[in-house]
Amino acid sequence: MLIRLEDIRRYYTVGEEEVHALDGVSIAIEKGEWTSIIGQSGSGKSTLMNVLGCLDTPTSGRYILNGQDVSGMSDNALADIRNREIGFIFQTFQLLPRETAQANVELPLVYRGLRARERHERATAALEKVGLANRVHHRPNELSGGQRQRVAIARALVTEPSLLLADEPTGNLDSATGEEIIRLFEQLHSAGHTLVLVTHEPAIAARCPRAVRLMDGKVVSDGPGAQVALESRAERARAAAAAVAP
Amino acid sequence: MKPSVELYEGTRIALSSLRANPLRTILTVAAVGIGVATLLAIVSIIQGLNASFAHQLESLGTATLNISRTPQISMGPTWWMYRNRKQLTVPQMQAIAAQSRYAAFVVPELNEESKDITSRQQTASGVDVTGTLGDFQRVGGYEMAKGRFITDADSDNERFVIVLGSQVAEALFPDRNPLAESVRVDSRPYRVVGVLAPKGSLLGQSLDLVAFVPFKSFLGVYGKRDFQIDVALHDPKDLDKAEDEITGILRRARNVPPDKPDDFSVFRAEQLADIYKGLTGALYGVAVAVGIITLIVGGIGIMNIMLVSVRERTREIGVRRALGARRRTIVVQFLLEASTVSALGGVLGTTVGLGLAKLVSAVSSVTAVVQPLTVVAGVGFAALVGLVFGIWPAARAAQLDPVEALRHE
């Protein structure tokens, strides 16, 4: 078991109102699984992604990641967990604009305290793995959207994390490029990586072996990706019909 | 992350971010640089002034006491306190010479200021004419360029001989040897027996616009009886003891009752130094304050720029935090950026400040003295300003919530 969430709650206070972004979420994810978390905006999927990524700490509940209870860890300990256990892939890539692809990929290794030579070797290998061996010295603005996301994936892979966490990874890409990235995820999955992909698109959830659907901070379904995607489509259709009904 | 790696990476990031905004960096560096340059130039110039003053004082003879009826330096209208004091007399002077263990030379000194001295064709104006005895040469530390100094025999025989300061000799005899020539002071002829070696100036006043005549000859001409007694000591360290001893001798010689204050005044060249230090000390304080204020203004500039930088790079901070940077690492990164800017300013300011000091030395009579400690202090203080004013922006950067920071547009 790589991830175990037990009754995770995350409440915010907005003004005088308490928002229940996550309201008792319990999920278990095995090593090597590819899971998508699907939900509409406001469903709590971004909060769940932040909790899973140790960027945010839950109000209550337990989060066991790779055998460690991270729910009550200090800020420094969480920084180290993020560095060792988690590889982030963001919708907006989040590359440092002034640095080359190589330097961007090396960044997490800098925080791990590796020597320049080892960083260099590992970053080059990671960029090769995502098919960017010939773009090592380019800066993000010299790369296409798909290439930027590949750099970001290389950066996530370079630390050999136990979990790859992707937040709408195709959201800023055209459909053809998005498809390339999904195929890359398929390769990573078959190579044994554990993937969690947060999306609002049923079509993408349908490609994952497993999907978890969130609504109002609660898990409403958990099953094979194709089936959950169907439910999600049906739910959307109902919502759309209700909106136009007289 | 090891501190060494943290420092190295932090510096690398700082330099790359400074390169990314060259104009901003240059302006901030200039702001700090101006502060450091001001501070350094002023301190160097004042230290130079002090050093040259100390040197000049030395040439005046620090191991000297001057005893006179009224104080040489007094503040406010106090003349009435001294008008009933009796004049110093030659027997009193002889008593000091006979009884003092610390005194090496004891001579009388009488002055007529701003006299005209004429040779056949030339006139030297503003000459300070002193009537004294042979030992005055030792007391005042005068070297002879030509001839001899006046002697006690000159005085005893009331000879009309004169020793000229180098500037006076040059003015009167630009192309001739002055020795044995005749000059006139107040229409009275004197024979030149010696010319002094140049002594330079003190506080802008020439020490070479002087002339010496025998004591008794001077008394005969000007009828002045109120003279000053100059005492040169064997050892400058004995100044305090000598002052006590001579005060005692004089009180006895002048029959001052034990319950009355001294009816004469003792002056030391040292006191001149104290007055000078009091004056330049205030100037020094003001100048250093101005320099520090300029540096603080530079520091506020740095803080402003760093706050802008933190705001602009909020997402970058979020990314770094997501990838495993600890808060401390972020703090170190921004502190290094701030102190790099200010240290660059410090180096620039030091260069410019030293240049200014050199320039002032070159175009004026003031010699600037640059002490290595001043340079170290200048650069160090600049870097400190960067650190201090970088703390708040760096802390703000580190306190950012990674989730919020990543979402920042």
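Here are some notes:
- Among the residues of segment B:357-409, those that are within 14 Å of chain A (Cβ to nearest Cβ) and of a type outside the set (A, V, I, L, M) comprise B:Gln399, B:Asp401, B:Pro402, B:Glu404, B:Arg407, B:His408, B:Glu409.
- Any hit, segment B:246-259, residues being within 33 Å of the chain's Cα centre (by Cα), aliphatic (A, V, I, L, M) and more than 14 Å from chain A (Cβ to nearest Cβ): yes
- Residue in segment B:322-334 that is modelled with pLDDT of 90 or more, away from chain A (no Cβ under 14 Å) and buried (at least 22 other Cβ atoms within 10 Å of the Cβ) present: yes
- The C-beta contact set for segment B:157-172 (first residue basic (Lys, Arg), second residue surrounded by 20 or more Cβ atoms within 10 Å (Cβ to Cβ) and assigned to a loop (DSSP other than H, G, I, E, B), distance under 9 angstrom, 6+ apart or interchain) comprises B:Arg159/B:Ile150.
- Between B:Asp244, B:Asp238, B:Asp230, B:Asp226, the distinction of being modelled with pLDDT under 90 and either outside any loop (DSSP other than H, G, I, E, B) or touching a Phe, Trp or Tyr at 6+ places or on another chain (Cβ under 7 Å) (or both) belongs to B:Asp238 only.
- Listing of strands (runs of 3 or more DSSP E) fully contained in segment B:142-213 that carry 1 or more residues being of a type in the set (A, V, I, L, M, F, W, C) and crowded, with 18+ Cβ neighbours inside 10 Å: B:161-164, B:182-185, B:188-196
- Qualifying residue in segment A:108-115 (condition: in contact with a Lys or Arg (Cβ under 6 Å, 6 or more places away or on another chain), outside any strand (DSSP E or B), farther than 22 Å from A:Asp56 by Cβ and at the interface with chain B (Cβ under 10 Å from one of its Cβ atoms)): yes
Yes/no matrix, rows are residues, columns are (1) crowded, with 21+ Cβ neighbours inside 10 Å; (2) touching a helix residue (DSSP H, G or I) at 6+ places or on another chain (Cβ under 6 Å); (3) over 16 Å from B:Leu233 (Cα atoms):
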| site | (1), (2), (3) |
| --- | --- |
| B:Gln99 | no, yes, no |
| B:Val106 | yes, yes, no |
| B:Asn111 | no, no, yes |
| B:Gln122 | no, yes, yes |
| B:Ser125 | no, no, yes |
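- Conditions (1) under 18 Å from the mean Cα position of the chain (by Cα); (2) within 30 Å of B:Leu18 (Cα to Cα); number of the one not met by B:Val369: (2)
- Options B:Leu27, B:Leu57, B:Leu49: the member that is under 35 Å from the mean Cα position of the chain (by Cα), more than 14 Å from every other protein chain (Cβ to nearest Cβ) and modelled with pLDDT of 85 or more: B:Leu27
- Residues in segment A:187-215 that are out of contact with any Phe, Trp or Tyr (no Cβ under 8 Å at 6 or more places or on another chain) and surrounded by fewer than 16 Cβ atoms within 10 Å (Cβ to Cβ): A:Gln187, A:Ser190, A:Ala191, A:Gly192, A:Ala203.
- Looking at B:Val319, B:Val308, just one residue is within 14 Å of chain A (Cβ to nearest Cβ), farther than 19 Å from B:Gly35 by Cα and hydrophobic (A, V, I, L, M, F, W, C), and that residue is B:Val319.
- Of all residues in segment B:2-22, those satisfying the criterion of being polar (S, T, N, Q) and at the interface with chain A (Cβ under 9 Å from one of its Cβ atoms) are B:Ser16, B:Ser17.
- In segment A:133-156, the residues that are surrounded by fewer than 23 Cβ atoms within 10 Å (Cβ to Cβ) and either among the aliphatic types (A, V, I, L, M) or out of contact with any helix residue (DSSP H, G or I) (no Cβ under 7 Å at 6 or more places or on another chain) (or both): A:Ala133, A:Asn134, A:Val136, A:Arg139, A:Asn141, A:Glu142, A:Leu143, A:Ser144
- All positions within segment A:157-180 that are assigned to a helix (DSSP H, G or I) and buried (at least 22 other Cβ atoms within 10 Å of the Cβ): A:Leu157
- No other residue among B:Val341, B:Val319 is on the phi < 0 side of the Ramachandran plot, modelled with pLDDT of 90 or more, surrounded by 22 or more Cβ atoms within 10 Å (Cβ to Cβ) and assigned by TED's automatic domain parsing to the domain that holds B:Gln47 apart from B:Val319.
The values are calculated or read from the model by the stated rules, or taken from the named source; none is laboratory data. Because the structure is predicted, anything quoted here is derived from the model rather than measured. Cβ: placed from backbone, ideal geometry, glycine included. Neighbour counts: every protein chain shown.
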